[in-house]
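Nothing in this text is a laboratory measurement; each read-out follows from the coordinates by a stated rule. The shown structure was predicted, so the numbers you read here are calculated from the model rather than taken from an experiment. With ideal geometry, Cβ positions are generated from the backbone for all residues, glycine too; neighbour counts draw on all protein chains shown.
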Amino acid sequence: MVNNLLFLVSKPTDNVLYAISCILLVIYITSLVMVFFYALAQLNLLFNYLKANRSKKNEKCPLFNLQNPDEVPYVTIQLPVFNEKYVMKRLLKNIALLEYPREKLEIQVLDDSTDETVIKTKERIEKLAATGLDIVHITRTNRQGFKAGALKEGLAIAKGEFIAIFDSDFLPESDWLHKTIPYFKDAKIGVVQTRWGHINRNYSLLTKIQAFALDAHFTLEQMGRNSKGHFINFNGTAGVWRKECIYEAGNWEGDTLTEDLDLSYRAQLKGWQFKYLIDVETPAELPVVISAARSQQFRWNKGGAENFQKMFRKIITSNLSFKTKAHCVLHLLNSTMFLNVFIVGVLSVPMLYIKNYFSDFKGYFIAMSFFAISTIIFFICYWYMYKNVQQKSGFKSFIQYTRTFFTFFSVAMGLSLNNTGAVIEGHRRKRSDFVRTPKFNIKSIDGWKKNKYMRKKPSKNVVYEGILCIYFFFGIVSAWLVRYIGKNDENTNYTFNTKTLFSANEWYMPFDSGLMGFHIMLFLGFGFIFYKSVFSKV
C-alpha cells in the first residue's frame, strides 16, 4: 500500500510537471528574495536606530517655552470615537487631566456612534464643560469617510493651531502636551508622533505577541527612519499635527483604510518634517480577542497596500534620494511581506518533492538560504529592540527573548492567510468599510465575554486555516517521506527504501531539515489561530 501511494505521488508526466515546477520555482524564489530585501532594510534601520540612540542626547532643537504665555500656542484635541461604551468614561476622565492653559485648549469629541452611548457621552461632556473646560460634542448624521471624515469635519471648526489626536483607548499622561507641543517652534515640523505603550501587555499570549510586534515598529522602524530623514507615518493617534500641514497636504481623505499613512506621505512629499519622540510613551489597550486582532490586522494591512498603489508613482517621480525612495517603497510594502511569506509557506511543501525528483533543480534551492538569513537578521534586529524596551539583558533574558521571537514568528505566519486577503484587496483597490477594533477596558480575566461589540461568528478564514494546519503537518512528515523514495533503476521504478532512515548521508539534508523547522512554525502558527478562533477567545 505504501509503495502504491508513493508511486502515485512520485510518478509524473515529465514535460507538464517540469513546466509547472519551473513556474512554481520562479514564484517561490521571487517571494524569498522579496522577504530578503525587506530583512536587509530592517538591518539598515537597526544601524540607524543604534546610532540615533547613541547621539540623541546631543540633539538640539528649538523649543517653545511654555512658561512664557506669549509662546503658548492654541491646541485642539480631537477624540474620534464610535460606539465606545466601555472606555468612554475612562477616556474623558483622562483627557480632562491634561495640563495646559485652559484658555489655549479645546477638546473636540468627534462622536460617530450609532448606539445609546451618544446620550451618555453628551451628559459627561456637559459636566466637564461646566467645570470651565472648553469641550464640545460633535456628531454627524452619517459616517462618510469614517474616521478621516470625522477628523476633517472637526478640523474645519477647530480653534487650535495644532491638532492632537487620541483614539478612545489611549491614556496620555498629564504632561503629554508639555512634552510634545514645544517641538513645533521649528516651523518645518508638521507632525510630532509619540511611542505607543501597552497597558495590558501581559494579559495573554495574544497581547504579548502584539506588543512585541508594535515595539519593533515604534523603535527600529520609526526611529530608524526618522533619524535619517526617511519618511515615517503618523500612527493615527498619540501624535500632534500642525493644522497648516494638514491643509497643505490636501486634508484628510477616506479613500484608504489607513488615512493616517496616506496623509503622512502626502505631507512629507510636500516637504514637511516629522518629529518622532521615542522617549514619550502614550499607553493604550491592545485587542484581547482574536477576532479584534484579526480585524485590526486586516485594516492595517489592506490600508498599507492601498497606499502603495496610491503613492508609488508619486514617490518614484519625486526628487527624494534613492535611499529614501527605497525605504518608502519597502515601508509601503510592509503588509505585502505577509503575501510573500504565505506564498513561500504554501509552495515549500511541493518544493520538497520537486527538489527530490528533478536533480537539475537542486542547485536553485540554495535560495532557501535567503529565508534562513532573513530570519537571522530579524532575530538580531528584534533582540536589540527587546533589550531596550524591556530594559533587560543577560542569558536569562536572551532565552526569554528567543522563546518570544519564535512564538511571534509562528503566530505572524498563522495570520498570513488573513493578512494576505487584506493585501490582495488593497492592491486591487477593492473598497470596504472601516471596521474599528472593539475596546474592552477589561477589569477581570473574563471581562471580554460581555462586550457587545465583539464579533460573534468566527472568521470565514477559520476553515482554511484549519486545512493549512493539516497541510503543514503533512509538510513536516514530508521532510522524512521524500527521503524514503529511491530509484532502483533508470526506468523510474520507485520503491519505499526504509534503509535510508538510518543513512547518515540521507539524513543530513539541510534544505529538507530547514524546511521541517519552517513547517513546524507554520503548523503551530495556523494551529494557534485556528484554536483561538474556534475554541477560545483570548
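Of the DSSP beta bridges with both residues in the range 62-332, give the percent that are antiparallel, rounding to the nearest 5.
25
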Q. Roughly how tilted is helix 259-269, in degrees to the nearest 10 and between 0 and 90, from the longest Cα axis of the chain?
A. 80
Q. How about Lys104: which aspartates and glutamates have a C-alpha closer than 12 Å to its C-alpha, ignoring those fewer than 8 places off in the same chain?
A. Asp70, Glu71, Asp134, Glu161
Q: Starting at the first residue of the range 226-233, write each ³J(HN,Hα) from the Karplus equation 6.51 cos²θ - 1.76 cosθ + 1.60 with θ = phi - 60°, in whole Hz, x for Gly and Pro.
A: 4, 5, 10, x, 7, 5, 10, 10
Q) Taking only Cα atoms, what is the 0 to 90° angle, nearest 10, from helix 395-414's long axis to the longest principal axis of the chain? A) 80
Q: Report the convex hull volume per residue for the range 62-332, counting only C-alpha atoms, in Å³.
A: 126
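Peptides 128-138, 392-402, 215-225: what's the order by average Cβ count within 10 Å, highest mean first?
On the way: 128-138: 14.6, 392-402: 12.5, 215-225: 22.5.
Going by the mean number of other Cβ atoms within 10 Å, highest first, we get 215-225, 128-138, 392-402.
On a full-extension model of 0.36 nm per residue, what is the gain between His178 and Ile376, subtracting their alpha-carbon distance, rounded to one decimal in nm?
Details: separation 198, 0.36 × 198 = 71.28 nm, distance 4.05 nm.
My answer for the length gained is 67.2 nm.
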**Q.** Cα principal axis extents for the chain, largest first, Å
**A.** 91, 50, 46
Q | Greater than 28 Å apart at Cα, pairs in Lys127/Lys302; Lys179/Lys532; Lys159/Lys185; Lys302/Lys457 | A | Lys127/Lys302; Lys179/Lys532
**Q.** Simple Cβ-charge dipole of the chain, Lys/Arg +1 and Asp/Glu -1, about Cα centre, in debye nearest 20
**A.** 460
**Q.** Degrees separating the helix 290-316 axis from the principal Cα axis of the chain, which is the longest one
**A.** 90
(Q) What FRET efficiency comes out for Ser321 versus Arg102 if R0 is 35 angstrom and r is the Cβ-Cβ distance? Round to the nearest 0.05. (A) 0.20
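At 0.36 nm per residue, and after removing the present C-alpha to C-alpha distance, how many nm does the segment from Phe398 to Gln67 gain when stretched out fully?
Gain on stretching Phe398 to Gln67: 114.7 nm.
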Q: On each of the three principal axes of the Cα atoms of the range 280-413, give max minus min coordinate, whole Å, ordered largest first.
A: 56, 49, 35
Q | Point-to-point label distance, Lys51-Glu161, nm (Cα→Cβ direction, 7 Å offset) | A | 3.4
Q) Relative to the present Cα-Cα distance, how much length would full extension add between Cys22 and Lys460 at 0.36 nm per residue of separation? A) 154.4 nm
